[in-house]
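Here's the structure we're looking at; comments come further down.
The values are calculated or read from the model by the stated rules, or taken from the named source; none is laboratory data. The structure displayed is predicted, hence computed values, not measured ones. Using ideal geometry, Cβ is built from the backbone for each residue, glycine included, and neighbour counts are taken over all protein chains shown.
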Amino acid sequence: REFEQTGRDPALELTLPRLEEIYRESSKACAIQPEAAAACHEILVRLQNGDCALLKDWQTITRLSMREVYRIYGELGVLLNSEDEAGESHYRDRLAETVAEIDRQGRLVESRGARCVFLQHFKAKDGSPLPVIVQKTDGGFNYETFDLAAILYRIQKLGADRVIYVTDARQALHFAQVFEVAHICGWTKKGESTVTLEHVPFGSVLGEDNKPLKTRSGENIKLSDLLLEAVERAYAVVQEKNAELSEEKKRAVARMIGIGAIKYADLSQNRNNDYVFSFPRMLALAGNTAPYLQYAHARICSIFRKGDVSPEETFGPPILGQPPERALALKLMELPTAVKVVASELRPHTLCNFLFELATQFTVFYDRCPVLTCTDVTIRNSRLFLCRLTQRVLAQGLNLLGISVPQEM
């Protein structure tokens, strides 16, 4: 209001750090002052009911927040943009109709002034069915209502056959209940088939002390800060290993390695497990890390450069006369299976494990089966063919994980 009274645009005057500060202060006040919590709740209800002034404030905050979100998306190579955006507010005007639809299916029950759905598969300690509240006594809606409205929209408007929710494991009960409401209301029935609703939970990221990752002052660490530090550390590694590269290439490779390392460290874990965040471990050129796989790819590229051979040339068919050659060829054939497992079970670490095993198998092959120095032209071409296939599979696999591959490191 202060900005508006002086004719200034809050979206230009406010900063994201200031908004974060306001959020921390408000959260702290709500935790210790009942009147502050009540005031915030009242504002939330008014916002959900379409209060024009509050909607304007909310739009200002959203513009500021999403500006930073899309900047980080750019850093990560995420292709989503504002056209794909459909947050909670997207469903605000669908909440009342969602509750009405539940009522039409005969599932709505009023309990103590709130409107609920009682689920027989979810019991309280006394054995009674647990309620899913879809409209509170004051007329406000909650997370369950928003998620139910989103399910209806995604099935009826987007024609979804499979809806995947990737969130913290602590929300498992919430989604199990929301999915059950959608099922018993018949929303997931699509002719002879059923729309699948899947919750993909993940564990926590821990610090070296095995506690949730925090700054030294105890605050949450920002992803933007992690990415910046990862790229800086990766640059130091590139500078040490290949100082002959131009400055432009060093910076480009450092970005690929640093950002790839963070992505891979997360994706290579069984998503249900917690894991310890460690820059030295994730940036290591040995072990199951992105830099190790990127180095394997760059190493193969160097084979073709040293041999003055174009990777696009055809060198096959492969001759699998040596055990390492046969083992590498068999491992290469496992890519389709690994990708299918990721798609069906939603566990990217299976693809990571495959790529690590492939890179390891290639190292064995390269150590035991001379390529450029092989005097038999037919065998040399066969081994170049295996090198090219390995390079392509590594690049394709890492690309599926959203990780770039450098030609040299």
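Mind checking whether some residue in region 349-365 is more than 30 Å from G258 (Cα to Cα), among the aliphatic types (A, V, I, L, M) and in contact with a Leu (Cβ under 7 Å, 6 or more places away or on another chain)? Among the residues of region 349-365, not one is more than 30 Å from G258 (Cα to Cα), among the aliphatic types (A, V, I, L, M) and in contact with a Leu (Cβ under 7 Å, 6 or more places away or on another chain), which makes the answer no. With respect to the conditions (1) in contact (Cβ under 8 Å) with a residue 12 or more places away in the chain; (2) farther than 26 Å from V78 by Cα, V339 falls short on a single one, namely (2).
State all residues of region 367-409 that are crowded, with 18+ Cβ neighbours inside 10 Å and over 20 Å from E312 (Cα atoms); if no residue qualifies, say none. If the condition is that a residue be crowded, with 18+ Cβ neighbours inside 10 Å and over 20 Å from E312 (Cα atoms), then C369, L401, I403, M409 are the ones that fit. Kindly indicate the residue of region 98-115 that is in contact (Cβ under 8 Å) with a residue 40 or more places away in the chain and either among the aliphatic types (A, V, I, L, M) or out of contact with any Leu (no Cβ under 6 Å at 6 or more places or on another chain) (or both) and also surrounded by the fewest Cβ atoms within 10 Å (Cβ to Cβ) among those meeting that condition. Once the filter is applied, the top-ranked residue is Q105. Of all residues in region 241-265, none satisfies the criterion of being polar (S, T, N, Q) and buried (at least 22 other Cβ atoms within 10 Å of the Cβ).
Determine whether region 311-324 contains at least one residue that is assigned to a helix (DSSP H, G or I) and in contact with a Ser or Thr (Cβ under 8 Å, 6 or more places away or on another chain). No; the residues of region 311-324 include none that is assigned to a helix (DSSP H, G or I) and in contact with a Ser or Thr (Cβ under 8 Å, 6 or more places away or on another chain).
Annotation: D274 fulfils all but one of (1) under 17 Å from the mean Cα position of the chain (by Cα); (2) farther than 30 Å from G207 by Cβ; the unmet one is (2). For the residues L55, L14, the requirement of being among the aliphatic types (A, V, I, L, M), more than 30 Å from L267 (Cα to Cα) and at pLDDT below 85 singles out L14.
Being in contact with a Leu (Cβ under 6 Å, 6 or more places away or on another chain) and either part of a strand (DSSP E or B) or modelled with pLDDT under 95 (or both) holds for only one residue in F118, F122, and it is F122. Hey, any hits in region 175-182 for a residue that's in contact with an Asp or Glu (Cβ under 6 Å, 6 or more places away or on another chain) and within 29 Å of H349 (Cα to Cα)? Taking every residue of region 175-182 in turn, at least one turns out to be in contact with an Asp or Glu (Cβ under 6 Å, 6 or more places away or on another chain) and within 29 Å of H349 (Cα to Cα). Test S82 against the criterion of being surrounded by 12 or more Cβ atoms within 10 Å (Cβ to Cβ) and either within 21 Å of F146 (Cβ to Cβ) or among the basic types (K, R) (or both), and give yes or no. No: the conditions fail for S82.
Going by the conditions given, is G258 of a type outside the set (V, I, T) and closer than 26 Å to T360 by Cα? Here the answer is yes, as G258 does meet what is asked.
Here's a check for you: in region 39-79, which residue that is over 30 Å from A230 (Cβ atoms) and of a type in the set (D, E, K, R) is surrounded by the most Cβ atoms within 10 Å (Cβ to Cβ)? The extreme case among them is D57.
One residue alone among T390, T378, T363 is assigned to a helix (DSSP H, G or I) and either under 21 Å from N272 (Cα atoms) or modelled with pLDDT under 95 (or both), and that residue is T378.
Mind checking which pairs have a first residue in region 188-211 that is of a type in the set (D, E, K, R) and at pLDDT below 95 and a second that is assigned to a loop (DSSP other than H, G, I, E, B) and loosely packed, with under 14 Cβ neighbours inside 10 Å, Cβ under 7 Å, 6 or more apart or different chains? What qualifies is E208/S278.
One line per residue, one yes/no per condition, for (1) part of a helix (DSSP H, G or I); (2) touching a residue at least 40 places away in the same chain (Cβ under 8 Å); (3) outside the structural domain of A172 (by TED's automatic domain parsing):
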{"site": "A230", "(1), (2), (3)": "yes, yes, yes"}
{"site": "R233", "(1), (2), (3)": "yes, yes, yes"}
{"site": "L245", "(1), (2), (3)": "no, yes, yes"}
{"site": "A265", "(1), (2), (3)": "yes, no, yes"}
{"site": "R281", "(1), (2), (3)": "yes, no, yes"}
{"site": "N288", "(1), (2), (3)": "no, yes, yes"}
{"site": "Y292", "(1), (2), (3)": "yes, yes, yes"}
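Yes/no matrix, rows are residues, columns are (1) within 25 Å of S193 (Cβ to Cβ); (2) without any contact (Cβ under 8 Å) to a residue 24 or more places away in the chain; (3) in the same structural domain as V342 (by TED's automatic domain parsing); (4) crowded, with 16+ Cβ neighbours inside 10 Å:
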position	(1), (2), (3), (4)
H121	yes, no, no, no
A124	no, yes, no, no
V134	no, no, no, yes
G139	no, no, no, no
Y153	yes, no, no, yes
G159	yes, yes, no, no
V163	yes, no, no, yes
F175	yes, no, no, yes
A182	yes, no, no, yes
